[in-house]
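Asker: What follows is a single structure, and I will ask about it in a moment.
The values are calculated or read from the model by the stated rules, or taken from the named source; none is laboratory data. Note that this is a predicted model, so its numbers are computed, not measured. FYI the Cβ positions are ideal-geometry reconstructions off the backbone, even for glycines, and counts take in every protein chain you see. With ligands, DNA and RNA removed, areas are computed over all heavy atoms of the protein, side chains included. Shrake-Rupley method; radii C 1.70, N 1.55, O 1.52, S 1.80 Å.
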Amino acid sequence: MDTTERARLSRSNNNKNWKKWGPYISEREWGTVREDYSPDGNAWSYITHDLARSYAYRWGEDGIAGFCDVDQILCLAPAFWNGKDAILKERLFGLTNEEGNHGEDVKELYFHLDSSPTHSYCRFLYKYPQEQFPYRELLKGNQTDRFTPEFELSDTGAFKDNRYFDCYIEYAKDEMNDILMKVTVHNHGPDAARIHVLPQLWFRNFWRHNPRFNKPEIVSLTPNCLRTSSGRNGDFFLYHQEGEQLFCDNETNNRRVYNTPNDSPFVKDGINNFVVNNQSTVNPKKKGTKSAIWLKENIQPGASKVYKIRLSKNQLEDPWVDFDDIFTRRKDDSDEFFNDLAPKNISPEHKALLRSSVSGLLWTKQFYYLDVFKWLFGEPSESAPARTKKRNYEWQHLTCRNIISMPDKWEYPWFAAWDLAFHAATFVHIDADFAKQQLLVVLREYYMHPNGQIPAYEWNFSDVNPPVHAWGVWYVYEADKKKTNVSDWDFLERAFQKLLMNFTWWVNQKDANGTDIFEGGFLGLDNIGVFDRNHMPPGIKKLQQADATSWMAMYAINMLRMSLELAQHNKAYEESAAKFFRHLLNIGWAMHHIGKRDISLWDEDDAFYYDAVQFENGTTQRLKIRSLIGIIPLLAVEIINTSVFKNLHQFNTRVEVIKLTRPDLTRIITDMERKNKDGNYLFAIIMDDRMDMLLKRLLDEAEFLSDYGIRSLSRSHKDNPYIFGYHGHTYSIQYEPGESTSAMFGGNSNWRGPIWFPLNYLIINCLRKYHKFYGDSYTIEFPSKSGTKLNLKQIANELTRRLLRIFERNDAGQYQYHARHQTHWSDPHFKDHHLFYEFFHGDTGQGLGASHQTGWTALIANLLLEMED
């Protein structure tokens, strides 16, 4: 069905037209690497939450439910004040990495309720306490230890007796440059309460560091209209029905931040200081580069107040005559889109979950801007920053200025390479053009390093993440082709050419011995190792990683499949197909023949894959930790139909030569003489007996299988921690199903037991592929030792149902992922709003880590969409 919203998408490629404006403002710009100009590189302490209201950012903006254009020239977002806080609520509060029990953590309650793919309709909920916001209590309550649960806003009693406001922020577009904003404030408390609402309109400070641009201006045109003027986007008009117009400049309060004179008499925190402290800090001439409309209301208990704002390129005679009708129509368009997206026979609860997860993913788009050369050495007309630590020095070519999907716009307000592949896998079902754009952007010459490495994230662009980009490209290509019946050769070929460079970087940089056994360090799995895999303990020369090697096998399979697809269109790609087929064979063989002792990463006695350490004396030893590292070899699988090979004579000849000269290689990863009844071949590094043994461990409830998905570390390590000792040092790892008790990698994530959606999704995805080859005849016990046998598709569905349990209500009437002691989650005004956590407790399903990680936890949408398949 070609819905109204789908029609808009077709006219809005490359973030143009209907996608020109969206929720592209970060939820935290302070405390980021890009805004860090400290000598020692301590990003968290340079610009704090407290200083953020006074500091004009260099690279972006932040706000609550903010909207801006794709170049973030002009920004629109509400601020709130309960009349008791010491500051306006202009941005979300949270703790830094050093302040939190388990690293950085936002300490607010807010929900990304709805968004259409073009952001023609968006809805956001912020819950604002009526009493003084407990900033100090939250800080003190979390400064304990890593064994103590996080102390949240709801634990402070901030919502006691329902003394809070529900602040709904909605946006609707009449056309691409006509943005309607509606703020509805509900008083849930027992008494009348006063609220101050300040819709703010401001320019990002793009003029201070770029002499090409003149300083823009916002002026009062009438008592109910502001006009913005800029050489970059012309004039806009902001209409409001009531309230007092306030103006200052988006310039740093130097006196407060640096104790030096101000460049402007009315600086960034001028509106805050005028409203809260009654200071003369706004421009009486009613002009500036930052503005607000000060609205006040005493709301009775159970009542609400609606505020209307309209930002338009057009001068409107009556901006309110069609205001409500536009909102109704855009909301109807959004309903139509999500009704069309939802599978038939989906339950109302799962339909709401699908919409919530997709909306959260759409809300976490962000204008991401960083020029590393300028960040390191200063602007052309300015002196270089005084840096003793020159972070990302090797990435001086990197220039980012795009709308990018963030993992979480507060906790992770920067792109992360391997997260992005999973984001794209969900985006392809809602906006295929944006999915492809996300995958291609980090492969461009101003992102990808000249040596072929894909940038990881701004804390260290040189960190190494799992190479899942090729998987993401192939997934998006296939999903789009299935939906449209059109092969996007251009997208596939563009991505493939750049991935060739990245694959070569891996071979050259992460295969130190040239033996097809790969390293890579932590590889996004943070503390999954017995020691920090980025830094080897004394006496250890290198770590032969089962996961790195398996990821590369998966990479080779993905590249092989892309080569074969492109060869249908251009026979020259048969060369690439032959190359990656041989890579796959070599990697599969090498996993079982390491070093002089011919050691294998596969342990026959334990029926599991392990990392192996190579000591400086040349000996090798397996690290017998049963973790997802040993499961990842399952993921290297692809099913290819015989029709694909039909006209590829050169490739077929190359395969025959390999079969004749090295039959030992082909037997390890596939049997080219064997195809199933549908003419499908299996390409994998795990087959038959070895797959049986690995699945028995994976599906054992005493090991990996939880009621809520697959754990990252076997539960067997709860009573049997793995201990590794060498050169007088002892390292150990134990099953920890919840928050990390280790400070490794910042301590804000944990791969020693919890459930992570990206790996669970890949496991389910690969089981479906194996089923496509083996069919219903291949069965295995689920759970292990239960006596009940299921085929692999049924097991994939059962794992999906276990993951879905996390988002279903428990006997307390709240979603399983909520902490049991937080009883407000069964309250009528709380219980229906979803949060999407970064990871989940391995035994209880409780949500942990970042709470708005609709980045890869939005894969719940894929699971719902693929259940019928």
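Asker: Subtracting the Cα-Cα distance from 0.36 nm times the residue separation, let me have the gained length for Glu382 to Asp605 in nm, one decimal.
Answerer: Here the answer is 73.8 nm.
Asker: Give the shape of the stretch 718-869 as rounded, prolate or oblate, defined through the alpha-carbon gyration tensor: a ≥ b ≥ c are the square roots of its eigenvalues, a/c under 1.5 means rounded, and otherwise the shape is prolate if a/b is larger than b/c and oblate if not.
Answerer: The shape class here is oblate.
Asker: Considering the convex hull of the alpha carbon atoms of the chain, report its projected area averaged over all viewing directions, in nm², one decimal.
Answerer: 36.1 nm²
Asker: Using a 1.4 Å probe, how large is the accessible area of Leu443, given in Å² and rounded to the nearest 10?
Answerer: The accessible area comes out at roughly 0 Å².
Asker: Let me have the relative contact order for the stretch 709-774, percent, based on Cα pairs under 8 Å that are six or more residues apart.
Answerer: 34 percent
Asker: Lys541's amide H: which non-local residues (gap 5+, or another chain) put their own amide H closer than 5 Å, with H modeled 1.01 Å from N in plane and none for Pro or chain starts?
Answerer: Gln614, Phe615, Glu616
Asker: Using label points projected 7 Å from each Cα along Cα→Cβ, tell me how many nm separate Asn259 and Arg232, to one decimal.
Answerer: It works out to 3.3 nm between the two label points.
Asker: May I ask you to rank Thr148, Thr388 by accessible area, largest first, using a 1.4 Å probe over the protein chains only?
Answerer: Thr388, Thr148
Asker: Normalising by the residue count of the stretch 369-475, find the relative contact order in percent from Cα pairs under 8 Å and 6+ residues apart.
Answerer: 25 percent
Asker: Could you work out how much longer the chain between Lys831 and Arg401 gets when fully extended? Use 0.36 nm per residue separation minus the Cα distance between them, nm to one decimal.
Answerer: In short, 151.0 nm is gained.
Asker: Any chance you could give the angle, 0 to 90 degrees and rounded to 10, that helix 573-590 forms with the longest Cα principal axis of the chain?
Answerer: Roughly 70 degrees between the two axes.
Asker: Hey, what do the phi angles of the stretch 163-174 turn into as Karplus ³J(HN,Hα) couplings, whole Hz, using 6.51/-1.76/1.60 and θ = phi - 60°, x for Gly and Pro?
Answerer: Values per residue, Gly and Pro as x: 7, 7, 9, 8, 10, 8, 10, 10, 10, 9, 10, 7 Hz.
Asker: In the chain, what percent of the accessible surface is made up of carbon and sulfur (1.4 Å probe, ligands and nucleic acids excluded)?
Answerer: Carbon plus sulfur share of accessible area: 47 percent.
Asker: Could you point to the residue in His818, Ala43, Gly452 farthest towards the positive end of the chain's charge dipole, with +1 and -1 charges on the Cβ of Lys/Arg and Asp/Glu respectively?
Answerer: Gly452
Asker: Which residues does a label at Lys646 reach in the stretch 552-589, if reach means a backbone N under 14 Å from a point 7 Å past the Cα toward the Cβ?
Answerer: Residues 568-569 fall inside that zone.
Asker: Need one value: the accessible area of Lys285 in square angstrom, 1.4 angstrom probe, rounded to the nearest 10.
Answerer: For Lys285, the solvent-accessible surface is approximately 150 Å².
Asker: Which FRET efficiency value, to the nearest 0.05, do you get for Glu175 and Ser45 by plugging their Cβ-Cβ distance into 1/(1 + (r/R0)^6) with R0 = 45 Å?
Answerer: 0.50
Asker: Separation between the Lys542 and Asn214 pseudo-spin-labels, each 7 Å from Cα along Cα→Cβ, expressed in nm?
Answerer: 6.1 nm
Asker: Is there a pair in Lys510/Lys624; Lys107/Lys389; Lys285/Lys305; Lys160/Lys831; Lys344/Lys793; Lys107/Lys305 whose C-alpha atoms are over 24 Å apart, and which pairs would that be?
Answerer: Table pairs above 24 Å Cα-Cα are Lys107/Lys389; Lys285/Lys305; Lys107/Lys305.
Asker: Would the stretch 234-392 count as rounded, prolate or oblate if I go by the C-alpha gyration tensor, calling it rounded below 1.5 in a/c and otherwise prolate when a/b exceeds b/c, oblate otherwise?
Answerer: It comes out oblate by the Cα gyration axes.
Asker: Which order do the peptides 429-436, 70-77, 564-571, 299-306 take when ranked by the mean count of other beta-carbon atoms within 10 Å per residue, highest first?
Answerer: 429-436, 70-77, 564-571, 299-306
Asker: I would also like to ask the following. Starting from the Cα gyration tensor of the stretch 1-46, take the square roots of the eigenvalues, sort them a ≥ b ≥ c, and report rounded, prolate or oblate (rounded when a/c is under 1.5, otherwise prolate if a/b is larger than b/c, else oblate).
Answerer: The shape class here is prolate.
Asker: Next up: Listed highest first by mean packing, meaning other Cβ atoms within 10 Å per residue, what order do 485-493, 121-129, 14-22 come in?
Answerer: 121-129, 14-22, 485-493
Asker: Taking a label point 7 Å from the Cα of Lys84 along the Cα→Cβ vector, which residues of the stretch 143-182 have an amide N closer than 20 Å to it?
Answerer: The answer is 152-168, whose backbone nitrogens lie closer than 20 Å to the label point.
Asker: Right, something else. So, for the chain, what is the accessible surface per residue at a probe of 1.4 Å, expressed in square angstrom?
Answerer: The answer is 35 Å² per residue.
Asker: Let me ask you something else. Once every DSSP H run of n ≥ 4 in the chain is given -39500 (n - 2.57) and the sum is divided by its residues, what mean residue ellipticity at 222 nm do you get, rounded to the nearest 500 deg cm²/dmol?
Answerer: About -8500 deg cm²/dmol.
Asker: Still on this structure: Step through the residues of the stretch 271-280 one at a time and calculate ³J(HN,Hα) from phi using the Karplus curve (6.51 cos²θ - 1.76 cosθ + 1.60, θ = phi - 60°), rounding each to whole Hz and writing x for Gly and Pro.
Answerer: Each residue's phi maps through the Karplus curve to give 5, 4, 5, 5, 6, 7, 10, 6, 8, 7 Hz.
Asker: Of Lys16/Lys769; Lys84/Lys287; Lys89/Lys436; Lys579/Lys696, which pairs sit farther than 31 Å apart, going by alpha carbon to alpha carbon?
Answerer: Beyond 31 Å: Lys16/Lys769; Lys89/Lys436; Lys579/Lys696.
Asker: I've got another one for you. In debye, nearest 20: dipole of the chain around its Cα centre with unit charges on the Cβ of K, R (+) and D, E (-)?
Answerer: 1240 debye
Asker: Please state the relative contact order of the chain as a whole percent: Cα pairs under 8 Å, 6+ residues apart?
Answerer: Across the chain, relative contact order equals 11 percent.
Asker: Given the pairs Lys541/Lys718; Lys215/Lys313; Lys127/Lys182, which span a C-alpha to C-alpha distance of over 24 angstrom in this model?
Answerer: Checking Cα-Cα distances, Lys541/Lys718 exceed 24 Å.
Asker: Still on this model: Ranked by accessible surface with a 1.4 Å probe, highest first, in what order do Arg329, Arg255 come?
Answerer: Heavy-atom accessible area, descending, gives Arg255, Arg329.
Asker: Give me the angle, in degrees from 0 to 90, between the Cα long axis of helix 348-363 and the longest principal axis of the Cα atoms of the chain, rounded to the nearest 10.
Answerer: Helix 348-363 and the main axis of the chain meet at about 70 degrees.
Asker: Let me ask another. How about Lys785: which aspartates and glutamates have a C-alpha closer than 18 Å to its C-alpha, ignoring those fewer than 8 places off in the same chain?
Answerer: Asp606, Asp689, Asp692, Asp700, Glu701, Glu703, Asp707, Glu798
Asker: Another question, if that's okay. Which order, highest average first, do 315-328, 458-471 follow once you tally other Cβ atoms within 10 Å for each residue and take the mean per peptide?
Answerer: Packing proxy ranking, top to bottom: 458-471, 315-328.
Asker: Calculate the spin-label point distance for Asn298 paired with Gln794, positioning each point 7 Å from the Cα along the beta-carbon direction, and give it in nanometres.
Answerer: Distance between label points: 6.8 nm.
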